[in-house]
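What follows is one structure encoded as structure tokens, with my remarks underneath.
Computed from the coordinates by the stated procedures, all read-outs in this text should not be read as laboratory data. In this text the structure is predicted, and so the values were computed from the model without any measurement. Quick reminder, even Gly has a Cβ in these numbers, built from the backbone with ideal geometry, and neighbours come from all protein chains shown.
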Amino acid sequence: MQKYVVRNIDRPAQDIVAQYAELDTSTIYEAQGKIGLMSSSLKPIQQNRKICGPAVTVICPAGDNLMIHAAIEVCKPGDVLVITTLGDSEHGMIGELIVRALMKRGVQGVIMAAGIRDATQLRELGFPVWTKAIHSQGTTKNRGGWVNAPAVCGGALVAPGDLIMADDDGVVVVKRGDLLSSLEASKLRLQKEEGTKEKIARGELSLDFYGLRATLANENVVYYEDESELS
């Protein structure tokens, strides 16, 4: 199979990205029908960080980061680098030097379905990374792969230019063709949640406004006034 680098990809309009940046992964995931969520094995190396931008995808052989070096050249400001490997890997695929190069290109952050190293330095740089592992094991730089090919990362299919949102709750992918519909659905969900917050503030119970009492009854859940009724 031909290995390749695609230099130029279609990216979402900046105004669309800006609107998504006001959202969060949970809202987007729920609003678009509970799809696009990456595995919980991908965790942020620091808390209270959020990134939102178009995906530049990288597929590497396990333990080799040659294609990451190739990807740096095609990254543009605002991109999110999404890296996966052929075969399971926890190698430290990127570290401080690669991250400094990515920052120079304006890359927002990295989603890594393998490992990273130099975690302390990356935190000091304030560079957001979601990764499967933090591990000192190094890599080779002599095996080809793909840049800007469709890739499966954390169990989710990512095409070049898809929108990536990552925060403390995880990483979610929005397909390019779903950008407008998912955005509208996400905004509607937030409006609904504001109404729910108002109900909670008034002292209403979720059992009532979600209609859950009937579900409890259907599940044969019985109420007792106190423990003495259990005997």
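Here are the numbers:
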| quantity | calculated |
| --- | --- |
| Alpha carbon centroid spacing (whole Å) that separates region 61-77 from region 1-59 | 17 Å |
| Long-range amide H partners of ALA156 with built H, under 5 Å | SER39 |
| Summed side-chain charge close to THR57 - residues other than THR57 whose Cβ falls under 11 Å, Lys, Arg +1, Asp, Glu -1 | -2 |
| Percentage of interatomic Cα-Cα distances in region 136-207 larger than 14 Å | 75 percent |
| Neighbourhood net charge (15 Å Cβ-Cβ; Lys/Arg +1, Asp/Glu -1) for PRO12 | -3 |
| Whichever lysines have a C-alpha closer than 21 Å to that of LYS50, once near sequence neighbours (fewer than 8 apart) are set aside | LYS34, LYS76, LYS104, LYS132, LYS175, LYS187 |
| Calculated on alpha-carbon atoms, Rg and Dmax of region 4-184 in Å | 14.7, 45 |
| Semi-axis lengths, Å, region 173-231, gyration tensor of Cα atoms, sqrt of 5 times eigenvalues | 38, 16, 8 |
| Within the chain, helix-based [θ] at 222 nm, where runs of 4 or more DSSP H residues each add -39,500 (n - 2.57), nearest 500 | -9000 deg cm²/dmol |
| Amide N proximity, region 50-73 versus ASN142 label position 7 Å along Cα-to-Cβ, cut-off under 16 Å | 61-67 |
| Least to most buried among THR27, THR120 (fewest other Cβ within 10 Å first) | THR120, THR27 |
| Packing rank of 151-158, 187-194, where each peptide gets the mean count of other beta carbons within 10 Å, highest leading | 151-158, 187-194 |
| Label-to-label distance, nm, for residues given as LYS76 and ARG105 (7 Å Cα→Cβ offset) | 1.3 nm |
| Sequence-distant aspartates and glutamates (8 or more away, or on other chains) whose Cα lies within less than 16 Å of LYS43 | ASP24, GLU90, ASP118, ASP167, ASP168, ASP169 |
| Helix runs (DSSP H) in the chain reaching 24 Å along axis by Cα, Kyte-Doolittle at least 1.0 | none |
| Top of ARG176, ARG105, ARG202 by mean-square fluctuation, Gaussian network on the chain, Cα under 10 Å | ARG202 |
| Antiparallel content of DSSP bridges confined to the chain, in %, to 5 | 45 percent |
